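Scroll down for the structure; my scribbles are underneath it.
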Amino acid sequence: MNPLNVRRAFVYDKIINWFPGHMAKGLRLITEKLNAVQVVIEVRDARISTLFEPIAQKKDRLIVYNKSDLAHPDTEAAITKAFKEYKGQDVVFTNANDDVNVKGIIKYLAKKAKVSGTASEKELTTMVMVVGMPNVGKSSLINSLRRIGVKKGKAAPTGAIPGITRTVAGTIKVLESPKVYLIDTPGVMIPHIPDPISAIKVALTGAISDHLSDEEVIADYLLFQLNQAQDYSYVKLYNVKEPTDDVKVFLPQVAKYIGALKKGGEYNLPAAAQFLVKQYRLGKLGRFTLDDIRPEALEEFLTKEVEETASRRQQKKADKIEERRIKRQIQQRKWEEREMAKL
């Protein structure tokens, strides 16, 4: 395909937000439990860098990019270097299903163990909360940590459907000496994703329930990304005639390949779109990262994250000052009313 015929930008202006009641409840429970936690493990999908709620930044935080086996091979080195350079922070890339790099997380948690109990006991222990968006593999990571740390089996339910964990669970031991316990939490979306393209990326990786997004649009975005990378392997994979940048041409050919037909022989395009999206999520289209991992793009992303965090902190500080000022005014008014009543 001539690169000049490929779209230079993906045009989409619909914002996909998903923040149902169980997420709001989960976020409240996470906030309530946070005081008892020493470390937060924020799990992200290695194919995208969408941020979690800023509450995760109140504690010592380890960012774990899971599903690294599905991301482009250059992703780990690029993101690790950028975090070290612009934030002075280490990140870990894992494939929890195969226990990749999980021992490193265990060692990190052991170092973070805090002294608790009486002075005579001096028992080393640490409480860790695992947070992240839906379907990033939090429960798989917990099970992997448990397998490696205490040689025990599955403790947290897993599944391809986002939202398997609905409430903050009890503690799960993952290391005996020093004692390390994890708290599993429900996948929580950012209440508002302002950038429509970021929302599509989140949907494509499976963090948003499929029925809430237009799968044909998501399949179109996937096609756009493949063509931007000049990866035309889909031609051979699905017996497509030739590379195309037109999803209306592409989906019928995929539907024909998988035999997705409606009554009357019409191609079932939604089924073809669902098939393509699932193939991407399973890594059948190769190791493919959706975010730009060039150094300049990562610098912009991380600089923005630092600025937004500082801005949120300043706003919270200003809100608390204003809250105290109003409280003082109310107390002063009540005092004056009592004094007037004495006259």
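Somewhere in the stretch 232-246, is a residue closer than 18 Å to residue 70 by Cα and part of a loop (DSSP other than H, G, I, E, B)? Break it down stepwise before answering.
In the first step, residues of the stretch 232-246 are kept if they are closer than 18 Å to residue 70 by Cα; the result is 232-234, 237.
Add one more test, that the residue is part of a loop (DSSP other than H, G, I, E, B), and what stays is 232.
So far as the stretch 232-246 goes, yes, one or more of its residues are closer than 18 Å to residue 70 by Cα and part of a loop (DSSP other than H, G, I, E, B).
Checking residue 194 against (1) assigned to a loop (DSSP other than H, G, I, E, B); (2) crowded, with 18+ Cβ neighbours inside 10 Å, only one condition comes out false. Which one?
Among (1) assigned to a loop (DSSP other than H, G, I, E, B); (2) crowded, with 18+ Cβ neighbours inside 10 Å, the lone unmet condition for residue 194 is (2).
Give the number of residues within the stretch 208-225 that are under 19 Å from residue 49 (Cβ atoms) and at pLDDT below 85. Step through it out loud before you land on a result.
Keep residues of the stretch 208-225 that are under 19 Å from residue 49 (Cβ atoms), which gives 208, 218, 221-222, 224-225.
Right, trim to at pLDDT below 85 and you get 208.
Qualifying residue count for the region: 1.
Can you tell me which condition residue 108 does not meet? The list is (1) more than 28 Å from residue 283 (Cα to Cα); (2) modelled with pLDDT under 90, and all the others hold.
(2)
Exactly one of (1) at pLDDT 90 or above; (2) open to solvent by 30 Å² or more (accessible area, probe 1.4 Å) is unmet by residue 123. Its number?
That leaves (1) as the condition not met.
State which residue pairs qualify: first residue of a type in the set (Val, Ile, Thr) and inside the stretch 250-263, second residue open to solvent by less than 10 Å² (accessible area, probe 1.4 Å) in any location, beta carbons under 7 Å apart, and separation of 6 or more residues or different chains.
254/238; 254/272; 254/276; 258/272
Using the structure shown, decide if residue 168 is under 19 Å from residue 104 (Cα atoms) and either in a loop (DSSP other than H, G, I, E, B) or modelled with pLDDT of 65 or more (or both). Reasoning before the result, please.
Details: under 19 Å from residue 104 (Cα atoms): no; either in a loop (DSSP other than H, G, I, E, B) or modelled with pLDDT of 65 or more (or both): yes.
Answer is no for this residue.
How many residues does the stretch 248-298 hold that are out of contact with any strand residue (DSSP E or B) (no Cβ under 7 Å at 6 or more places or on another chain) and in a loop (DSSP other than H, G, I, E, B)? Spell out how you get there, then give the answer.
Taking the stretch 248-298 first, the residues out of contact with any strand residue (DSSP E or B) (no Cβ under 7 Å at 6 or more places or on another chain) are 248-251, 253-254, 257-259, 262-266, 269-298.
Remaining after also requiring in a loop (DSSP other than H, G, I, E, B): 259, 262-266, 282-294.
Summing the residues that are out of contact with any strand residue (DSSP E or B) (no Cβ under 7 Å at 6 or more places or on another chain) and in a loop (DSSP other than H, G, I, E, B) in the stretch 248-298 gives 19.
Based on this model, can you work out whether residue 80 counts as open to solvent by 10 Å² or more (accessible area, probe 1.4 Å), more than 16 Å from residue 180 (Cα to Cα) and either modelled with pLDDT of 85 or more or among the polar types (S, T, N, Q) (or both)? Even if it seems obvious, please write down each step before you answer.
Working: open to solvent by 10 Å² or more (accessible area, probe 1.4 Å): yes; more than 16 Å from residue 180 (Cα to Cα): yes; either modelled with pLDDT of 85 or more or among the polar types (S, T, N, Q) (or both): yes.
Criteria met by residue 80.
Go through the stretch 101-114 and count every residue that is in contact with a Phe, Trp or Tyr (Cβ under 8 Å, 6 or more places away or on another chain) and surrounded by fewer than 17 Cβ atoms within 10 Å (Cβ to Cβ).
Restricting attention to the stretch 101-114, the residues satisfying the condition of being in contact with a Phe, Trp or Tyr (Cβ under 8 Å, 6 or more places away or on another chain) are 101.
Subset that is surrounded by fewer than 17 Cβ atoms within 10 Å (Cβ to Cβ): none.
So the count comes out to 0.
Under 6 Å between Cβ atoms, at least 6 apart or on separate chains: pull out the pairs that start in the stretch 67-87 with a residue that is more than 17 Å from residue 48 (Cβ to Cβ) and end on any residue that is crowded, with 17+ Cβ neighbours inside 10 Å and at pLDDT below 95.
Every condition considered, the pairs that remain are 86/302; 87/302.
Give the residues of the stretch 219-249 that are farther than 13 Å from residue 285 by Cβ and touching a Leu at 6+ places or on another chain (Cβ under 6 Å), sorted by residue number.
Correct list: 247 only.
Looking at the stretch 267-274, can you tell me whether even one residue there is open to solvent by 30 Å² or more (accessible area, probe 1.4 Å) and either under 20 Å from the mean Cα position of the chain (by Cα) or charged (D, E, K, R) (or both)?
no
Suppose we filter the stretch 13-37 for residues that are in contact with a helix residue (DSSP H, G or I) (Cβ under 9 Å, 6 or more places away or on another chain), buried (at least 17 other Cβ atoms within 10 Å of the Cβ) and either more than 11 Å from residue 131 (Cβ to Cβ) or modelled with pLDDT under 80 (or both); how many remain?
Adding up the residues that qualify gives 3.
The values are calculated or read from the model by the stated rules, or taken from the named source; none is laboratory data. Everything numeric here is computed off the predicted structure, so don't read it as measured data. So basically every Cβ, Gly included, is an ideal-geometry build from the backbone, and we count neighbours across all protein chains shown. SASA here: full protein model, heavy atoms, side chains in, ligands and nucleic acids out. Shrake-Rupley method; radii C 1.70, N 1.55, O 1.52, S 1.80 Å.
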